[in-house]
Amino acid sequence: MRRTLGGTALLVSLAAGIAGAQGSQPQKKPAAPSRAAAKTIAWADLVGEWVGKSTRGTSDSVITEATTIITADKKISIKFPNREPIAARLLSMAGDSTIVEFGPYESITRKGHKVTNHMITHYGDGKSWGTFSAKFDDGATLTGKSTATKKK
């Protein structure tokens, strides 16, 4: 008798759970907050010197300061302290952003190694911010953030 009552109680609770699950409506996920459309930049908006810094990973530890020089004739170069400017290549430009690559050049963080840097930068109101990914000649990588302000 106990087995019958126990089995019956189990079946009733399972049936109630299934019936409750079938009757409930799936919950909708809240809509993602809308982002204002980024202003589309023109090359003329970028022309000038952008003075900034690069930080390692998610920390605020500054790796180096740098000046990005963008000219009216659509050339880009990066100037690190006490070094000659390094020519950069514009890979893409859309919306408020550019993707630029430069190198290989002598690494600032790893003496004796060459590095190529890939940067995604967003621009607005005289400021820039973005991320970089550096790949060294031995396969090691370094990622981080960059920020800059346009010189007046």
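Coordinate-derived values only; no laboratory data. Note that the coordinates shown come from a computational prediction; the quantities given were computed from them, not determined experimentally. Quick reminder, even Gly has a Cβ in these numbers, built from the backbone with ideal geometry, and neighbours come from all protein chains shown.
Results, tabulated for the structure shown:
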| quantity | calculated |
| --- | --- |
| Output for the stretch 97-120, where each listed residue is of a type in the set (Gly, Ala, Ser), surrounded by 14 or more Cβ atoms within 10 Å (Cβ to Cβ) and not in a strand (DSSP E or B) | SER107 |
| Counted residues, the stretch 42-74 - those being surrounded by 11 or more Cβ atoms within 10 Å (Cβ to Cβ) and among the acidic types (Asp, Glu) | 3 |
| In the stretch 122-145, the residues that are in contact (Cβ under 8 Å) with a residue 40 or more places away in the chain and closer than 21 Å to ALA42 by Cα | HIS122, TYR123, GLY124, SER128 |
| Of all residues making up the stretch 85-96, the number that are out of contact with any Lys or Arg (no Cβ under 8 Å at 6 or more places or on another chain) and surrounded by 15 or more Cβ atoms within 10 Å (Cβ to Cβ) | 2 |
| Members of the stretch 121-140 found to be more than 15 Å from the chain's Cα centre (by Cα) and not small (Gly, Ala, Ser), listed by number | ASP125, LYS127, LYS135, PHE136, ASP137, ASP138 |
| Strands (runs of 3 or more DSSP E) lying entirely in the stretch 39-96 (those with 2 or more residues that are under 16 Å from GLY126 (Cβ atoms)) | 48-56, 62-70 |
| Every residue from the stretch 75-102 that is under 17 Å from the mean Cα position of the chain (by Cα), touching a residue at least 24 places away in the same chain (Cβ under 8 Å) and closer than 19 Å to SER54 by Cα | SER97, THR98, VAL100 |
| Matching residues in the stretch 121-152 - criterion: being surrounded by fewer than 16 Cβ atoms within 10 Å (Cβ to Cβ), touching a strand residue (DSSP E or B) at 6+ places or on another chain (Cβ under 7 Å) and assigned to a strand (DSSP E or B) | HIS122, LYS127, TRP129, THR131, SER133, THR141, THR143, THR147, THR149 |
| Residue in the stretch 75-84 that is charged (D, E, K, R), surrounded by 14 or more Cβ atoms within 10 Å (Cβ to Cβ) and in contact with a strand residue (DSSP E or B) (Cβ under 6 Å, 6 or more places away or on another chain) present | yes |
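Residues checked against (1) of a type outside the set (Ser, Thr, Tyr); (2) within 18 Å of HIS118 (Cα to Cα):
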| residue | (1), (2) |
| --- | --- |
| VAL47 | yes, no |
| TRP50 | yes, yes |
| THR55 | no, yes |
| ASP60 | yes, no |
| ILE63 | yes, yes |
| THR68 | no, yes |
| ALA72 | yes, no |
| SER77 | no, yes |
| PHE80 | yes, yes |
